[in-house]
Amino acid sequence: MKCLHCDGDKFEEKNCRFTPEVKGEEVEIVVPAMVCTKCNIPLMNDAQMSQLRKAAADTYRKAHGLLTSEEIVNFRSLFDMSQAAFANYLKIGEASIKRWETYFVQDISQDEHIRLKCDEAYAEYSALNVHWKSHPPDIYSGNRRFSWELFKQAVRYLIKFTKSPLFLNKALFYIDFKHYQLNGMSITGTRYAHLEYGPCPQQYENLIDFMIREGTLIQSDGHTLKSIETADLSIFSDSEKEILELVANLAKPDGGKKLLKLSHQEDAYKNSESMALISYEFAKHLKI
Ligand SMILES: [Zn+2]
């Protein structure tokens, strides 16, 4: 690296003051730069340059009451969404998210849109969280507290083989009950209810709806669901992974039709009352 002004070749990293323009407005920032030891003129490498752009954009955002790049990233991570999922949830291009999370300043209407959508998602998310997490683990949750994270990853994994809520719900029922039968604990902590179409996660519509609204599931023709991300199986224990695979293999040949039929013959279904929660005690006599 050579100084563009005096040909000097010794540099020191120093915090320097700059006054770049953002949207026609001058902002003042202090960021690190390489300073020529001979003539004191700063020079920047690529990393420092992008740091400068980001600092300039964030200074402008703060001055105008807009969300900073970090706040946008925080919103996204709060819901555990990828940039693609977040873009889908906000109904905007993924490229915009990438730029907003760095140096491209969103305009006021975009800023309001992000806040509104995130507040909405947050309200729903916490309502579901409170509802499910406030119940202590018992025989109806398979001795385990409900976990959103485990539920979501299980859905992402099983939806590949089952495709619609009707079949997905049975696959979920089987992973939780089978794991309870073998290990005394369910996988996701989900409570299942006896519904007309078989055993279903309690409030499954809210759970699946939330995943659709947040953009991690896509509904293509009214019934078929697709996950836009591959499941992260690393959060499951070995015994949980085994059961997930077992149920996936049973669902694979016919999309879960056999599981659906079987689920109606289970004691868990035949001996529980319509609309009532199903006790995991019935897992003793599972047909798979
Ligand atoms: Zn110089």
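Read-outs: derived from the displayed coordinates by stated rules, not from any lab. This is a predicted model, so every value here is computed, not measured. No Cβ is skipped: glycine too gets one built from the backbone with ideal geometry, and neighbour counts run over all protein chains shown.
May I have the extent of the alpha carbons of the chain along their three principal axes, as whole Å values ordered from largest to smallest?
Largest first, the chain extends 86, 38, 36 Å along its Cα principal axes.
Using only the Cα atoms of the range 157-208, construct the convex hull and provide its projected area averaged over every direction, in square nanometres to one decimal.
Mean shadow area of the hull around the Cα atoms is 3.6 nm².
Give me Thr102, Thr19, Thr190 sorted ascending by neighbouring Cβ count inside 10 Å, so fewest comes first.
Ranking Thr102, Thr19, Thr190 by Cβ neighbours within 10 Å, fewest first, gives Thr19, Thr102, Thr190.
Just to verify a number: FRET efficiency for Thr19 and Lys98, C-beta to C-beta distance, R0 = 25 Å, to 0.05?
Efficiency computed from Cβ-Cβ geometry: 0.40.
So what does the Cα-only Debye profile of the range 11-63 read at q = 0.13 Å⁻¹, as log10 I(q)/I(0), no solvent term?
Results for the range 11-63 at q = 0.13 Å⁻¹ read -0.31.
Taking the beta-carbon count within 10 Å as an exposure proxy, list His64, His223 from fewest neighbours to most.
Ranking His64, His223 by Cβ neighbours within 10 Å, fewest first, gives His223, His64.
Once both axes come from the Cα atoms, what is the angle between helix 238-251 and the longest principal axis of the chain, in degrees from 0 to 90, rounded to 10?
Once rounded, the angle reads 70 degrees.
Given only helices, namely DSSP H runs of n ≥ 4 each adding -39500 (n - 2.57), what is the per-residue ellipticity at 222 nm of the chain, to the nearest 500 deg cm²/dmol?
Helices in the chain give a 222 nm mean residue ellipticity of -15500 deg cm²/dmol.
Apply the Kirkwood formula to the range 1-135: the hydrodynamic radius equals the inverse of the mean of 1/r over all pairs of different alpha-carbon atoms; give it in Å with one decimal.
Kirkwood radius, the range 1-135: 17.3 Å.
Using only Cα atoms, find the angle between the long axis of helix 148-162 and the longest principal axis of the chain, and express it within 0 to 90 degrees, rounded to the nearest 10.
Taking Cα atoms only, the helix is inclined about 70 degrees.
Once the Cα atoms of helix 204-213 and of the chain are each reduced to a long axis, what angle between those two axes, in degrees from 0 to 90 to the nearest 10, is obtained?
20
Report the gain in length on full extension from Asp209 to Glu26: 0.36 nm times residue separation, minus Cα-Cα distance, nm rounded to one decimal.
So the extension gain works out to 61.4 nm.
So if I take the alpha carbon set of the range 148-285, get Rg, then get Rh from the Kirkwood formula, what is the Rg over Rh ratio?
Taking Rg over the Kirkwood Rh, I get 0.93.
Which Cys in the chain stand alone, with every other cysteine's Cβ at 4.7 Å or more from theirs?
By the Cβ distance rule, which asks for a partner under 4.7 Å, the isolated cysteines are Cys16, Cys118, Cys200.
If you look at just the Cα atoms of the range 62-167, how large are its Rg and its Dmax in Å?
17.2, 54
So, R0 is 30 Å and r is the distance between the beta-carbons of His223 and Lys261; what FRET efficiency does that work out to, to 0.05?
According to the calculation, E is roughly 0.95.
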